[in-house]
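Nothing in this text is a laboratory measurement; each read-out follows from the coordinates by a stated rule. Computed from a prediction, not measured in an experiment: that's the story for all the values here.
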Amino acid sequence: MSKIIVYTGEGFTDRSVEFNGNVPNLADKGLNDSISSLKVIGAPWVAYYHFNYAGDHRVFEEGDYPTVEDRGQFSSLRMITEDLGNPEIQLWEHVNYGGRSVILQHETDLHQVDFADTASSHKVKSGVWVLYEHQSRGGRQLVSFPGQEVPKYGDMDFNDIVSHLRPLL
């Protein structure tokens, strides 16, 4: 069974709570903006800065995270239950799926395909994708789910900054 165990202290200390399903509001559990370390068993999880899976977010795959980079920031948690097989995403140069595009099916440094800091919209055909602000999985993240269509990144302050992306496996 997949689950996440969150701790209010770094190094898996202080209060801990285990979840095996989505948590739209960590304040209801007395944990709003207080997670400092965590453990993920099984499926990946997304931790969001705001309630109801909104705002900036961070993906955590199976493993132990003794110090969370964004500690004290999270207000909701979502377990990824979508099919991760046969991932495919299409990025476009302009908003509303305009301009040149590229179709990807595996982890890609967008500098290698002459598409870094260019994308302004995308559609996810399959898989769950993580788009990164910087090369080598760095900077802010944007998680996109199967069937999701994002006609413009401007509202998310992500326009023309995507440099790397990968499907979750």
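Annotations for the structure displayed:
- In order along region 101-109, the Karplus-derived 3J(HN,Hα) couplings, from 6.51 cos²θ - 1.76 cosθ + 1.60 at θ = phi - 60°, round to 9, 9, 9, 10, 10, 8, 4, 9, 7 Hz, and Gly and Pro are given as x.
- Cα-derived Rg to Rh of region 88-167, Kirkwood definition: 0.90
- Distant-in-sequence amide H partners of Ser2 (H built 1.01 Å from N, under 5 Å): Ala43
- Close lysine pairs were tallied over the chain: pairs 8 or more places apart or on different chains with Cα atoms under 28 Å apart number 6.
- Cα-only radius of gyration and Dmax that characterise the chain, units Å: 16.3, 51
- Couplings for region 133-143, taken from phi via the Karplus curve 6.51 cos²θ - 1.76 cosθ + 1.60 with θ = phi - 60°, read 5, 10, 4, 6, 6, x, x, 5, 10, 10, 9 Hz in order; Gly and Pro are left as x.
- q = 0.11 Å⁻¹, region 3-79: log10 I(q)/I(0) [Debye, one scatterer per Cα]: -0.20
- Rounded to the nearest Hz, the phi-derived 3J(HN,Hα) couplings of region 149-156 under the Karplus curve 6.51 cos²θ - 1.76 cosθ + 1.60 (θ = phi - 60°) are 10, 10, x, 7, 8, x, 5, 9, where x marks glycine and proline.
- The H on the amide N of Ser126, modeled in the peptide plane, is under 5 Å from the matching H of Glu88, Gly147, each at least 5 residues off or on a different chain.
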